[in-house]
1. Around Tyr76, which amide H atoms from residues at least 5 apart in sequence, or from another chain, sit under 5 Å from its own amide H, with H modelled in the peptide plane?
2. If we count other beta carbons within 10 Å of each Cβ, what is the order of Glu94, Glu245, fewest first?
3. Please work out the Cα center distance from segment 142-192 to segment 215-231, rounded to the nearest Å.
4. Taking the Cβ-Cβ separation of Glu141 and Glu2 as r and a Förster radius of 30 Å, what is the calculated FRET efficiency to the nearest 0.05?
5. Return the inverse of the average 1/r over all pairs of distinct C-alpha atoms in the chain, which is the Kirkwood hydrodynamic radius, in Å to one decimal.
6. Mind checking which of Pro112, Pro143, Pro15 has the largest fluctuation in a GNM of the chain, springs on alpha carbons under 10 Å?
7. Say R0 is 30 Å: what FRET efficiency, to the nearest 0.05, do Val199 and Asp87 get from their beta-carbon distance?
8. Translational D (Stokes-Einstein, µm²/s) of segment 111-257 at 10 °C and 1.306 mPa s when Rh comes from the Kirkwood sum over C-alpha pairs?
Amino acid sequence: MEKFNQSILVVHAHPDDTEAFCAGSLACLQKEGWEIHIATLTAGGMGGIGSTEVETEKRRKEEARKAAEVIGGKYYCLGGRDGFLMDTPEIRVEVTALMRRIKPGVVMTHLPFDYHSDHRTTCNITEVAALMTTLPNHPSEEPPLERTPLLYHTAPFTFSDTLGAPITPPHFFLNITEVMDKKMEMLAFHESQIELMRVMHKMDNFFEEMAQYNVDLGKMVGCKYAEVYWQHLGGGFQKAPLLQEVLHKKIILKEGE
Ligand SMILES: [Zn+2]
């Protein structure tokens, strides 16, 4: 397999998305010696109850930074606005420039048909930003990369598409039982979301509901807690199954295997 850097950049829309969707896998990668980088395209300013947008952004960036630190990760917040995320030339350049600085072997983002508009927009921006990393005419000030990072997608919280229909089966499940405590430790920094989830999603206990999601995924493949992934196998990207090989001891390819 071609040599890819042992570093991962996760690009999600909001400060708690990474902890909710893929923190267990990041903890596994950290154990394998990988560098962990977590970026959000917004600071989650709409996710506040009793605090202004600016106050909420400040608080949530700090929550995300502390959560990333649990697995030795670095956190970056880019210039999008929560709930108003637009796919603009400026943010595309910003994301490509970040990728060129970090030089990740793997980039991970939301699914193209996720339930949340900001998530879908983030996916689109991230996909095209990754494709641009190697192109010398791209207007980023950072020099081009030698190879395009591999791209993977994380599951939406609902495990359904925009209209609520079941989504295409994941390419693999990852057994995160051994690192579930790390994932919960990371999620626990997002205290600002407890009240918000109570009001917005009628979730009485945000952290327990998140853990239940991993339990539900685990039940599909016979382990206690799982996360799920799709590799981007469409045109323009290499298809080397790098994460599947690095994490092979914890990978379950699909239900029943
Ligand atoms: Zn989100």
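Nothing in this text is a laboratory measurement; each read-out follows from the coordinates by a stated rule. A quick note: this is a predicted structure, and the numbers were derived from the prediction, not measured. Cβ sites come from the backbone with ideal geometry, for glycine too, and all protein chains shown count toward neighbours.
1. Ile38, Ala39, Thr40
2. Details: Glu94 20, Glu245 10.
With the sparsest Cβ surroundings first, the list reads Glu245, Glu94.
3. 11 Å
4. On the way: r = 27 Å, r/R0 = 0.89.
Efficiency for this residue pair is about 0.65.
5. On the way: mean 1/r = 0.0548 Å⁻¹.
With all distinct Cα pairs of the chain included, I get 18.3 Å.
6. Of Pro112, Pro143, Pro15, the Gaussian network model singles out Pro143 as fluctuating most.
7. On the way: r = 29 Å, r/R0 = 0.96.
Calculated transfer efficiency: 0.55.
8. Details: Rh = 17.3 Å.
Stokes-Einstein gives a translational diffusion coefficient of 92 µm²/s.
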